[in-house]
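Taken together, the values in this text are just the output of simple stated rules run on the coordinates, not laboratory data. What you are looking at is a predicted structure, and each value in this text was computed from that prediction instead of being measured. Note: ideal-geometry Cβ built from the backbone for every residue, glycine included; neighbour counts use all protein chains shown.
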Amino acid sequence: MRLLWLVAVLVAASAPRARACAGCSNPNLPQAGFTAEGLAPGKFQLGAQLSFAALRVVHESRCPEIGPVCALRDEPPQLHDQAINLAELRILARYGLTRNWSLEAQLPVKLINTSIQYRRLNGTLYEPNFVGIHHRDETLAGVMDPWLMARFEAEARAWRLGGRLGLTLPIGRTVEDPFAAGERGEEHQHFQFGTGTVNPLLGLDATRATGPVRWSAYALAQPIVAENRHGFRAGHRLAAGLSALVETPWPVVVPGVTIDVIHEEAERWQGVIQQDGNLGRTDLLAGLTAVVRTGPGNLMLAVRTPVYQRIVGGQVSYPVIATLGWQ
């Protein structure tokens, strides 16, 4: 346990600052897929998963993008020093229908806390005497788009194979086009909690035990099929990963390692890819996990960090993602 948190602290301290407008890119926590054990007919399973990431972004802003004050005077260039804390809670539920079929649901809730400091280009703090339209100190919370899925699973020799088919419901709060509002010099919001459309979910997973090691693999796709009523269309999201849990002489704690590949394509507003928006990214995440068997359920701890990132346009990166789960 101490080793996991030591790794998280060291990686966070050594991570470079990203130089992009983090709030403008509407950052999401990379959502890894998951595997599931068999569930008998009539049985109900409940779980929860809490993930957290902290990031700091410094980007340069000049007139006219600073805002309406530029029409009154030539405002000097400034640095926007932005801190963003993202937390996501996912409540998970499964119900067994038959030996091979079950229903699954996920209810995600997001919390965003952001603060902003203004600096001159030499790094000294600066308190503007005008109202900024891009950033503000605020805390936002809301339900994201729920997931509903049907799962089929079967055993094939030493393998347990599973497949999921489902959809997302457009429950999460969305915003009007922030780039259009910015061009009009109006205060606007980039953070949003959903896509505003119904989108399909497709998933495959497999597990197998070889000696003391239990291997799991998954692939998850979330295609975005349409734009919402505000003209927003999120990018397609894909994820795949492999994990290994190792049984030890101490059966209460089961350590493990994970590797995940997360890909997100560019988002669009009114059919246009905005250069300050989410331009797409691919992350390769390596992680350490520990499952603690508590009797009626399992407690899971995980720390993931990117070992490779391809971020179009230099958007914000996540140095560490910490997750606490129970099932």
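Taking every Cα-Cα distance in the range 76-130 and sorting them into 5 Å bins from zero, the calculated P(r) comes out as 5, 14, 15, 10, 9, 8, 8, 7, 7, 5, 5, 4, 4, 0 percent. The slack in the chain from residue 136 to residue 120, taken as 0.36 nm per residue of separation less the alpha-carbon distance, amounts to 4.0 nm. Note down the nm distance, to one decimal, between modelled labels 7 Å out along Cα→Cβ at residue 54 and at residue 226. Distance between the two pseudo-spin positions: 4.2 nm. Only one residue of 122, 49, 159 has its Cα farthest out toward the positive end of the dipole of the chain, where Lys and Arg carry +1 and Asp and Glu -1 on Cβ, and that residue is 159.
Write down the Kirkwood hydrodynamic radius of the range 241-291, to one decimal in angstroms, obtained as one divided by the mean of 1/r over all alpha carbon pairs.
13.7
3J(HN,Hα) along the range 104-121: 10, 9, 10, 10, x, 10, 10, 10, 10, 10, 9, 9, 9, 10, 9, 9, 6, 5 Hz, from the Karplus curve 6.51 cos²θ - 1.76 cosθ + 1.60 with θ = phi - 60°, whole Hz, x for Gly and Pro.
Note on the chain: percent of Cα-Cα distances in each 10 Å bin, starting at 0 and stopping at the bin with the largest distance, equals 5, 23, 32, 22, 11, 5, 1, 0.
So how tilted is helix 2-14 from the main axis of the chain? Cα-based, degrees 0 to 90, rounded to 10. It is inclined by approximately 30 degrees. Along the axis of the charge dipole computed for the range 2-326 (Cβ charges of +1 for Lys and Arg, -1 for Asp and Glu, origin at the Cα centre), the listed residues 222, 190, 207 are led at the positive end by 207. For the range 106-221, dividing the convex hull volume of the Cα atoms by the residue count gives 178 Å³ per residue.
All Cα-Cα distances of the range 100-147, cut into 5 Å bins from zero to the largest, leave 5, 13, 16, 14, 12, 9, 8, 7, 6, 4, 3, 2, 1 percent in each bin in turn. Our estimate of slack between residue 167 and residue 74, defined as 0.36 nm per intervening residue step minus the Cα-Cα distance, is 28.5 nm.
Could you list the square roots of 5 times each eigenvalue of the Cα gyration tensor of the range 193-327, that is, the equivalent ellipsoid semi-axes, sorted largest first and rounded to whole Å? Don't skip to the answer; put the middle values down first.
Values: eigenvalues 237, 53, 35 Å².
Values for the range 193-327, descending: 34, 16, 13 Å.
A Cβ-based charge dipole, computed about the Cα centre of the range 2-326 with Lys and Arg at +1 and Asp and Glu at -1, lands at about 1060 debye.
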